[in-house]
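*Asks:* Structure provided below as structure tokens; questions to follow.
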Amino acid sequence: MQKHFSAGSGSYYSDSIFFLSVAMHRIMPTEIERIIQLDLDLKYKTNIRELFEEFDHFLQGAVIGIAREMQPVYRHTFWQFRRENPQTKVGEPPPDGLPGFNSGVMLLNLDAMRQSQLYNQLLEPDVVRQLTEKYHFKGHLGDQDFFTMIGMEHPELFHVLDCTWNRQLCSWWREHGYSDVFDQYFRCEGQVRIYHGNCNTPIPED
């Protein structure tokens, strides 16, 4: 995983802690059925119990709840695949595109992860390698790169959380080549329930 989804030894996301979620169902005791995994740079605007209730909305086959990435980072990362497949939805903005995922807020249905033959097959090194080659993918953001890549291939594994559950505030890509399309990714309508101050972005005061 680290070989494919980090920028190399010593980089921020190269540490194994950024890949634990991928195999959490193999790490945690079997009596633990579901967990919520959260980044530290969050601010909650509602009762977290409401987020746990999202588990009730998982469709058959879904194993992870996660929100879309709100910057065009994967438009950039999948550039070669997109060039070779000009009609693809990979890296395109919502609502119709596949912008990838952000792992700042995640619901892990550990029971479903344990039972999903498909998900566990996708953890096999040869399968990971085949997918990275298919998509010409070299990530740098740890687990969310893995979830993004397999989500392009098997979206049925994911329950997509509304953007208000992970309202990302980072706007780095607006100033780095994507100002023309940035707002298509960054737009989020509705009452924010969790702010995510990613890339050290200040979170609004109450």
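*Asks:* In a shell of Cβ-Cβ distance under 15 Å around HIS76, excluding HIS76 itself, what net charge do Lys and Arg (+1) and Asp and Glu (-1) give?
*Replies:* Once positives and negatives cancel, what remains is 0.
*Asks:* Hey, can you rank 118-129, 47-58 by average C-beta count inside 10 Å, highest first?
*Replies:* 118-129, 47-58
*Asks:* Residues of segment 50-206: accessible area per residue at 1.4 Å, in Å²?
*Replies:* Heavy-atom accessible area per residue stands at 48 Å².
*Asks:* Arrange the peptides 135-141, 27-33, 111-117 so that the one whose residues have, on average, the most other Cβ atoms within 10 Å appears first.
*Replies:* Per-residue mean Cβ counts within 10 Å order the peptides as 135-141, 111-117, 27-33.
*Asks:* Follow-up. For the chain, which whole percent of the accessible surface, found with a 1.4 angstrom probe, sits on carbon and sulfur atoms?
*Replies:* Its accessible area is 48 percent carbon and sulfur atoms.
*Asks:* I want to verify a result. In a Gaussian network model of the chain, Cα cutoff 10 Å, which of these has the top mean-square fluctuation: ASN102, ASN166, ASN85?
*Replies:* Maximum fluctuation in the GNM of the chain, among the listed residues, is at ASN85.
*Asks:* Note the listed values [x] 0.94; [y] 1.06; [z] 1.09, then indicate which one is Rg/Rh (Cα atoms, Kirkwood Rh) calculated from this particular structure.
*Replies:* The listed entry that was calculated here is [x].
*Asks:* Can I ask one more? Around ILE32, which amide H atoms from residues at least 5 apart in sequence, or from another chain, sit under 5 Å from its own amide H, with H modelled in the peptide plane?
*Replies:* The answer is none.
*Asks:* Can you tell me the relative contact order of segment 1-196? Whole percent, Cα pairs under 8 Å, sequence separation 6 or more.
*Replies:* 33
The values are calculated or read from the model by the stated rules, or taken from the named source; none is laboratory data. Just so we're clear, the structure is a prediction, and the values are computed from it rather than from any experiment. Cβ atoms come from the backbone with ideal geometry, glycine included; neighbour counts cover every protein chain shown. To get the accessible areas, we keep the full protein, side chains included, count just its heavy atoms, and leave off ligands, DNA and RNA. Shrake-Rupley method; radii C 1.70, N 1.55, O 1.52, S 1.80 Å.
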